[in-house]
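**Student:** I'd like to ask you about the structure that follows.
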Amino acid sequence: MRVLVTGGAGFIGSEVVRQMVSSGLDVVNLDKLTYAGNPESLLSVAHQPHYHFVKLDICDAQGLQAVLERFTPDAIMHLAAESHVDRSISGPKAFIETNINGTYTLLEAARHYWEKLPGQKQSAFRFLHISTDEVYGSLGEDGYFTEQTPYSPNSPYSASKAASDHLVRAWHHTFGLPVLTTNCSNNYGPYQFPEKLIPLMIIHALQGKPLPVYGQGRNVRDWLYVGDHAEALQLVLEKGQLGETYNIGGLAEMANIDVVRQICQILDELNPDSLHCPHSQLINFVTDRKGHDFRYAIDCSKIRRDLGWTPKENFATGLRKTIEWYVNNPTWWQRIQNGSYRQSQSSALRERELG
């Protein structure tokens with residue numbers, strides 16, 4: 001089986017690629033290599049014979065057509081997206097271009113490719129669209145997002161992802177494209193770009209920098225370990241019912257301030273001689289983000305009931321693994337901080353030329 005993964009140099013995408021290549025699947029990683037695309041996250045599989053890399057923007061219709069014709073994938077997993085809420089507030093245009101226009105362009109390329117496939121290959125083809133729980137808006141003190149929750153996005157990022165979800169659904173109902181959609185909660189784990197909450201706090205704490213927490217840190221998120229998420233995505237791809245949506249959550253609700261305090265406690269244990277102990281002294285409350293959603297929480301009973309998936313990691317075990325990875329791999333995040341990882345975007349992984 002050959003799978004085309006868009007955004008495979010990103011955080012979740014690289015975990016998907018590493019898992020699939022390790023399991024023996026043939027994987028084509030298609031990534032534009034924006035600031036958050038880091039080829040160094042894929043060095044463990046870069047030289048595997050069943051791994052292929054193509055640097056390409058999903059808005060490039062001709063390029064997509066050429067990739068599909070050359071590699072003839074059996075499935076597409078669409079993870080390419082602009083994903084940082086803060087960046088969507090300061091610069092929403094890139095989110096509209098990639099998440100909406102890019103998804104449309106990919107859907108059209110996939111549709112034309114799929115329509116030309118021979119019978120059995122056509123019936124087996126799948127297009128899996130990976131989205132976020134933020135499309136549902138914000139919860140109060142109780143309740144959970146289900147697959148039937150009405151969409152109510154509140155940020156430019158979540159609005160762009162909601163639009164892409166609707167496009168995928170429309171291409172299924174209008175054109176018959178065999179699609180699946182997943183909406184996940186907040187991911188964390190190794191190789192996450194340092195601008196996100198958990199890696200930012202870990203790295204700042206290791207460096208003795210202030211730990212900026214929005215407002216009073218009472219906003220609640222459901223945390224999903226990235227390795228569990230990648231396993232769920234492969235399961236949905238292989239066994240999910242066409243046209244269905246599956247919510248994927250980590251069953252680990254926690255207020256942001258409690259996440260940061262746990263990070264500080266674990267770092268105190270791992271580095272008791274650090275000059276920054278106790279690391280909690282570095283916590284610094286800052287002005288809250290515009291339109292900051294109060295709470296996200298996912299009901300993932302459907303994927304558990306229909307496909308038999310549950311997360312393997314609880315938050316305590318997953319967070320410790322994550323912190324230990326950042327402690328033991330400073331070169332990875334230091335190269336992002338000093339910008340030298342950019343060099344690897346053109347040299348560490350050689351593009352496979354089309355033709």
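**Student:** Relative to the longest principal axis of the C-alpha atoms of the chain, give the angle of the C-alpha long axis of helix 197-207, reported between 0 and 90° and rounded to the nearest 10°.
**Tutor:** Helix 197-207 sits roughly 50 degrees off the main axis of the chain.
**Student:** What does the extension gain come out to for H47 and D273, with contour length at 0.36 nm per residue minus their alpha carbon separation?
**Tutor:** Computed gain between H47 and D273 is 77.4 nm.
**Student:** For the stretch 134-142, what does the Karplus curve 6.51 cos²θ - 1.76 cosθ + 1.60, with θ = phi - 60°, yield as ³J(HN,Hα) per residue in whole Hz, taken in order and with x for Gly and Pro?
**Tutor:** After applying 6.51 cos²θ - 1.76 cosθ + 1.60, I find 5, 5, 7, x, 10, 9, x, 5, 9 Hz.
**Student:** Another one. Using 0.36 nm per residue, how much length does the chain from V327 to E244 gain when fully extended, once their Cα-Cα distance is taken away?
**Tutor:** Gain on extension, V327 to E244, equals 25.9 nm.
**Student:** Show me the trypsin sites (Lys or Arg not before Pro) within the stretch 277-320 that DSSP assigns to loop and that have at most 12 other Cβ atoms within 10 Å of their Cβ.
**Tutor:** Qualifying residues, ordered by number: K290, K312.
**Student:** Given R₀ = 25 Å, FRET efficiency for Y151-K121 by Cβ-Cβ distance, to 0.05?
**Tutor:** With R0 = 25 Å, the Cβ-Cβ based efficiency is 0.15.
**Student:** Using only the alpha-carbon atoms, how far is helix 61-71 inclined from the longest principal axis of the chain? Give it as 0 to 90 degrees, nearest 10.
**Tutor:** Taking Cα atoms only, the helix is inclined about 80 degrees.
**Student:** If the only charges are +1 at each Lys and Arg Cβ and -1 at each Asp and Glu Cβ, what is the size of the charge dipole of the chain around the Cα centre, to the nearest 20 debye?
**Tutor:** My answer is approximately 480 debye.
**Student:** I would also like to ask the following. Report, in debye and to the nearest 20, how large the dipole of the stretch 209-345 comes out about its Cα centre when Lys and Arg carry +1 and Asp and Glu carry -1 on their Cβ.
**Tutor:** On the way: 16 positive and 16 negative charges, 71 e Å.
It works out to roughly 340 debye.
**Student:** Fewest to most neighbouring Cβ within 10 Å: what's the order for I266, I96? The partial results should precede the final answer.
**Tutor:** Working: I266 20, I96 16.
Ordered from fewest to most neighbouring Cβ atoms within 10 Å, I266, I96 come out as I96, I266.
**Student:** How much length, in nm to one decimal, is gained on full extension between H166 and D142, taken as 0.36 nm per residue of separation minus their Cα-Cα distance?
**Tutor:** Details: separation 24, 0.36 × 24 = 8.64 nm, distance 2.66 nm.
Fully extending the segment from H166 to D142 adds 6.0 nm.
Rule-based calculations on the coordinates, nothing more; no lab input. Keep in mind that this is a model prediction, so the values were computed, not measured. Heads up, the Cβs are rebuilt from the backbone with ideal geometry, glycines too, and the neighbour counts pull from every protein chain shown.
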